[in-house]
Amino acid sequence: VSDQKPLGCWSVKHGQIITCPVVCNFETHEYIAVHDDKVLRIWKNKDINLDKVFKATLSADVYRIHSLPNGGPVVLFKGGGVRTLDVLLEAPQQEIENIISDEVIKWSEAFMEGQQPVLIFATEKDGDFFVYVQKLKMNSLHKYKLEQQELSKPLSFTAYIKNQIITLLCLYSNDSVYKVLIPLQQNTEEEEQILSRSLLLNLSVSGSVLKGTSFVVLDKDHIAVLGSLAASGEESKECLTIWNTKFQTLQTSKELPLGTSGQLWCYEEKFFFTHGKVLTVIMYKCETSSLAAAVGKLKDSQTPDVSSFVNWNTLGDEELVVSFQSQQSVALKSESKMTLRSKRNTVAKVQPDTISVGQLLLNLKDASTTVFEDELRQLMSKAQTPDFQATIGCVITALINRCKTNPKYYPRNFLLQIVQTRDLSYSLCPDLMAVALEKKDVHLLQTCLQQFPDIPEEITCACLKVFLSISEAYLQRIDVNLESVICYIDIEFNNKEVKTEIVENGFNAELEQDIWDTKITKGTHLTDDGEFCPVGPQKAALLNAVLHSAYSETFLLPHLKNLPAQQAVLFLRYLYYLYVKCSEKINTTLPGIRSPTINQIMDWMCLLLDAHFTVMVMLPEAKELLSNLHKFVRAQVRFYSELNKIEGSLRELQRLHHQKDSQTYSIEVLELI
């Protein structure tokens, strides 16, 4: 999620439908899915085709699979029957009992109470709602009926277990949340018990009423509700809200103008919900609830250990510094190693100490350049704190903001020093690379590409376009890190590459000349045979930084198609040159630090051809390049094909070598058949 990189994708056949959410088996690291209600599929990351993975057809329709960290997957069938996955796989066609007859399951959840898996699910029939509690190891099932509420019904459920008691929370259509307590220890075997409920929270404040669609429990005193907040006479607006159930107050809310799917998830102190067409992730932290915090009167100087904040910068356009002035209710957890990407602003880590940082930056807004930079350097020189990364992000943001307000101001060396010496990410300072692109600061862009793990593909392509467009003469005057090219591009005083005659990996351009039927024009810097580098060392080093950047093919291709045709041809020439260079080495590895790998070269070459193949075919200047590339690949395929033919013989030689004692001198003649 933080890098927006798809790690895996699997598809069912046309006409098949995945009918319940896919889960992960924490014990075996396998994925479990059900399609068409009864067909079970189990696979691992390395599997590609779902048709070839484990398949089992069950005897009854599956409602949901719940995966427990220490209890294994539990399968709930639509008829109310429950099986652990292990028991189910022993006999997939075993008969599954129908417990709930005409009732329809509306919600389910699984927990671990000690070593005991517990499953709870809610059903509905003719307006009545029932709750079932199943303890798997004891094979005990208890049925309860929810107390009826006139003119309202449950819309959503959530639950948690503590001290052998299940706390079931129900969001009703009358804009209220009710609490139901269910003891796990039941001595009686009554068929059906009536569950009484108590009002936990009214979702209304100052004349506005929240029509909730889903909600999650944050801790014993806070819940988050996703829904539409409407005041009388006004249009309703979708929003995410945080409520204090102890003091019955709305702590904070955020409008979601792009709309949501109505679903809200909470996992490891992070909210997950869809906002428009994107998945939004917001970190939070709940601290001890107090009346002062509930009514927004908390003073950090008096009670620094009691704070509640949520940072909404992932959704808005506010300046980063402003977030330090907020007095909201759920605190952002300080995770120095975790950075989340957003479109414009980073998630700020809010701690009492960093409020002084925000105030300091506001005070320095109108300071002179010398005072401004000196104060920022002093701020960075302080001992590292848990939120030190956020402080550095604020420093960079302050520098970038001054660059925007004063176009003549650009602290190149200061920014470069920060990026080189601090463990930063793109999401912590998203405007940095945009300003560097505007200033054509290629050294800073190269450093960011090498340091940042989460650069968006749009920015990567923008860097590539700038690198390819800048002239060689200009780059020779610029300080660029050449450590990735210095070991394999040898440059004479006339900037021509010195061609070595070392032949490795069974390939020599001159030996293959007759096969290719191409003329190699030595001494030309921009030939299409891959023998000479088509760019200078500075540009090559910059392009290598692009090749090392992380990307997703789906996100990269649309931006790569916007690369001008001449730049695409030049980039392909350089990739072809690297491909030839790698093929000269036995281990297909280029020497040097941060040199491109053969896989990176091949992947980018394929992506570039996919994005510009039609243009390449039409361009006369690309014709010879494509022809030579085709012939070189064909020669490589032929060479490896010949190696495959003698693979068996080579293995036999290796086996004979291990069997015989070669202490004495001998000559053996082996015939390869």
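Values for this structure:
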quantity: Subset tally (residues that are within 23 Å of D610 (Cβ to Cβ), at pLDDT below 90 and either among the basic types (K, R) or touching a Cys at 6+ places or on another chain (Cβ under 9 Å) (or both)) for the range 511-548; calculated: 0
quantity: The range 392-416, residues that are open to solvent by 10 Å² or more (accessible area, probe 1.4 Å), within 17 Å of F452 (Cα to Cα) and modelled with pLDDT under 85; calculated: T397
quantity: Given (1) farther than 22 Å from E553 by Cβ; (2) open to solvent by less than 10 Å² (accessible area, probe 1.4 Å); (3) among the aromatic types (F, W, Y), number of the condition F467 does not satisfy; calculated: (1)
quantity: Among (1) surrounded by fewer than 17 Cβ atoms within 10 Å (Cβ to Cβ); (2) within 30 Å of the chain's Cα centre (by Cα), the one test that K246 misses; calculated: (2)
quantity: Criterion (farther than 30 Å from Q566 by Cβ, open to solvent by 70 Å² or more (accessible area, probe 1.4 Å) and at pLDDT 85 or above) met by exactly one of R651, R634, R638, R655; calculated: R638
quantity: Subset of the range 594-641 [among the charged types (D, E, K, R) and in a helix (DSSP H, G or I)]; calculated: D603, D610, E621, K623, E624, K631, R634, R638
quantity: Neighbours by Cβ (under 7 Å, 6+ apart or cross-chain): first from the range 539-556, not assigned by the TED database to the domain that holds M602; second crowded, with 19+ Cβ neighbours inside 10 Å; calculated: none
quantity: Filter pass, S198 being closer than 22 Å to G262 by Cα, without any contact (Cβ under 8 Å) to a residue 24 or more places away in the chain and not acidic (D, E); calculated: no
quantity: Residues of the range 270-288 satisfying the condition of being touching a residue at least 24 places away in the same chain (Cβ under 8 Å), open to solvent by 60 Å² or more (accessible area, probe 1.4 Å) and polar (S, T, N, Q); calculated: none
quantity: Some residue of the range 117-130 being open to solvent by 50 Å² or more (accessible area, probe 1.4 Å), touching a Ser or Thr at 6+ places or on another chain (Cβ under 7 Å), of a type in the set (D, E, K, R) and under 28 Å from L203 (Cα atoms); calculated: no
quantity: Conditions (1) of a type outside the set (D, E); (2) touching a strand residue (DSSP E or B) at 6+ places or on another chain (Cβ under 9 Å); (3) open to solvent by less than 70 Å² (accessible area, probe 1.4 Å): number failed by L155; calculated: (3)
quantity: E103 surrounded by 14 or more Cβ atoms within 10 Å (Cβ to Cβ), closer than 25 Å to F129 by Cβ and in contact (Cβ under 8 Å) with a residue 60 or more places away in the chain; calculated: no
quantity: Matching entry among Y178, Y267 (being open to solvent by 20 Å² or more (accessible area, probe 1.4 Å), under 25 Å from A110 (Cβ atoms), aromatic (F, W, Y) and touching a Lys or Arg at 6+ places or on another chain (Cβ under 6 Å)); calculated: Y178
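Each row is one residue, and each column tells you yes or no for (1) in contact with an Asp or Glu (Cβ under 8 Å, 6 or more places away or on another chain); (2) touching a residue at least 24 places away in the same chain (Cβ under 8 Å); (3) surrounded by fewer than 20 Cβ atoms within 10 Å (Cβ to Cβ).
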residue: K13; (1), (2), (3): yes, yes, yes
residue: Q16; (1), (2), (3): yes, no, yes
residue: D36; (1), (2), (3): no, no, yes
residue: L40; (1), (2), (3): no, yes, no
residue: R64; (1), (2), (3): no, yes, no
residue: P73; (1), (2), (3): no, yes, no
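The values are calculated or read from the model by the stated rules, or taken from the named source; none is laboratory data. Treat the numbers as computed from the prediction; the structure is a model and nothing was measured. As a convention, Cβ positions derive from the backbone with ideal geometry for all residues, glycine included, and neighbour counts pool all protein chains shown. Quick note on the areas: whole protein, heavy atoms, side chains included, nothing else; ligands and nucleic acids left out. Shrake-Rupley method; radii C 1.70, N 1.55, O 1.52, S 1.80 Å.
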